[in-house]
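As structure tokens, the structure follows; a few thoughts come after it.
The values are calculated or read from the model by the stated rules, or taken from the named source; none is laboratory data. Because the structure is predicted, anything quoted here is derived from the model rather than measured. Here Cβ is always computed from backbone atoms with ideal geometry, including for glycine, and neighbour counts include all displayed protein chains. Quick note on the areas: whole protein, heavy atoms, side chains included, nothing else; ligands and nucleic acids left out. Shrake-Rupley method; radii C 1.70, N 1.55, O 1.52, S 1.80 Å.
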Amino acid sequence: KLFRNVSPSSFAKFLYYMDRDLLGYGPIDALMRDENIEDISCDGVGRPVYVFHRRYESIPTNIVPITDKGLDDLVVKLIHMSGRHVSVATPIVDAQLPDGSRIAVTYRREVSPGGSTFTIRRFRKNPLTFTELVKFGNISAEIAGYFWTMLDNGRSFLVLGVTGAGKTSFLNAMATFIRPHMKIITVEEVPEINLPHKNWVRLVTRQSYGSEKINEITLFDLVKATLRMRPDYLIVGEIRGEEAYVLFQAVNTGHSGMSTMHAESFEAAVNRLMSPPMNIPPAYIPAMSIFVMIKRVKIGGRLTRRVTEVGEVYMDDSGKIRFNTVFKWNPRNDTHESYVSNSVLVRQISDMTGKDVDEVLMEIGTRSKIVSWMVENGIFNFEDVSTYVQTYYTNPDKVLNQVMGKVGEVETTTQV
Ligand SMILES: Nc1ncnc2c1ncn2[C@@H]1O[C@H](COP(=O)(O)OP(=O)(O)OP(=O)(O)O)[C@@H](O)[C@H]1O
Ligand SMILES: [Mg+2]
């Protein structure tokens, strides 16, 4: 009855706003549906909402919160959608939106005099795969082959770079190389990591309910708890504080680990690891065998991402932490130079497994070829990529025959 005198076009508009404001994300709903948008940020009242677009980088939108009330209400709505609570008493909240995106807000003018703010890191439904990283030139097929071999042999690594460099995405892509039935535990503040493995426990921190830190469960608490859960691989989304110490303790006592950390260089990372609050003893550092540096670089005027260096960590005779470079990106011709024949870890694996150094190097070569073949044959989808890796572990000939052009196909879920 209410809509008796309403024209069909007005009714459609009505439905649009219902859908957008009651079920969707309100004024930023369109941004939340755009696959090309990586970040959405609102800096306060009277300023345009900015997005970070995959192709056009940081650009302002025509969405401008005009009133304090409108913006405060939007922030409250977003936080409520995440099942959390924001108020003047707890004006800083991190949460996860229903679609998996990460959101950080400040409420009213309590700590942000320009008004409420929010920053959203969009979640990718389909995690980036190592074949996509190779296709984009972020890494070479040989780097993928190297990590595949290293993770097969339980080596640990740490990904470094600035905010938004692509550390978590790289870690996730490499984690698909872990053997299918290994026990993996991930520990994160917001669940971002997505694995194909079945034997996987995901742990996520809990914020406190009250203003005091009662009932809060931190990264430190969780990482400590994992040591009793006997993981083969312990993955900590990002290390920032004392949890780093526990992670390094774990990798020094026979577990394998991976994590990411903000740092501009290997040296800065080592300094940060050895200073408070992490306080990691220098002798602990080499157990985190590989350090990876990711940078956002400009190539032909376009901003893109490159793994610029992969280094193996060791301690020299004077007790100083040093790096043996195995891959280095050359900005002049945009290629990854390989020094993998000098790899210290390849020698360690050879000692441990009884295989010749050449055999281990050949295995890296074979796996690089499989990766190149997958890229050439358009195998980019997360499930398909995982299927190939897992099949290679259980039935290597099946994959090799296909790569070498013989009969037999690995069955993937989607046809490519
Ligand atoms: N190689 C890539 N190609 C295209 N997009 C990428 C690539 N790596 C990451 N991204 C996108 O960039 C954004 C940031 O990536 P990611 O979360 O991996 O960065 P990060 O370094 O872990 O950031 P933070 O420091 O905030 O944790 C995400 O939207 C992700 O999908
Ligand atoms: Mg990250």
- Message: Strictly over 24 Å apart at the Cα level, which of LYS328/LYS369; LYS198/LYS295; LYS1/LYS77 would you flag in this model?
- Response: LYS198/LYS295; LYS1/LYS77
- Message: Name the residue from LEU400, PHE11, SER318 whose Cα lies farthest towards the positive end of the charge dipole of the chain, charges +1 on Cβ of Lys and Arg and -1 on Cβ of Asp and Glu.
- Response: PHE11
- Note on the structure: Per the helix-only model, the chain has a calculated mean residue ellipticity at 222 nm (DSSP H runs of ≥4, -39500 (n - 2.57) each, divided over all residues, rounded to the nearest 500) of -9500 deg cm²/dmol
- Size of charge dipole - the chain - debye, nearest 20, with Cβ of Lys, Arg +1 and Asp, Glu -1, no other charges: 880
- Query: How much of LEU361 can a 1.4 Å solvent probe reach, expressed as accessible area in Å² and rounded to 10?
  - Reply: 40
- For VAL297, residues with placed amide H under 5 Å, excluding near neighbours: THR304, ARG305, ARG306
- Message: Please report the antiparallel percentage of the DSSP beta bridges confined to region 225-322, to the nearest 5.
- Response: 75
- In Hz, Karplus ³J(HN,Hα) per residue of region 198-205 (6.51, -1.76, 1.60; θ = phi - 60°; x = Gly, Pro): 8, 8, 10, 10, 9, 10, 10, 5
- Using unit Cβ charges (K, R positive; D, E negative) and no other charged atoms, how large, in debye to the nearest 20, is the dipole of region 133-340 about its Cα centre? 480
- Message: Give the separation of the Cα centroids, region 169-241 to region 110-130, in Å.
- Response: 20
- Hey, if you put +1 on the Cβ of every Lys and Arg and -1 on every Asp and Glu Cβ in region 77-235, which of VAL111, GLY164, THR205 ends up farthest toward the positive end of that dipole? THR205
- Beta bridges by DSSP in the chain, antiparallel share as percent, to the nearest 5: 65
- Item | In Å², nearest 10: area of MET315 left accessible to a 1.4 Å probe | 70
- Rounded to a whole number, what % of the accessible area of region 133-340 do carbon and sulfur atoms account for, probe 1.4 Å? 49
- Message: Compute the angle between helix 68-81 and the longest alpha-carbon principal axis of the chain, please, reported from 0 to 90 degrees and rounded to the nearest 10.
- Response: 50
- Message: If you fit an axis through the alpha-carbon atoms of helix 357-376 and take the longest principal axis of the Cα set of the chain, what angle between them do you get, 0 to 90°, nearest 10?
- Response: 40
- Cα lying deepest toward the dipole's positive end in the chain, options ILE143, LEU303, THR129, charges on Cβ: LEU303
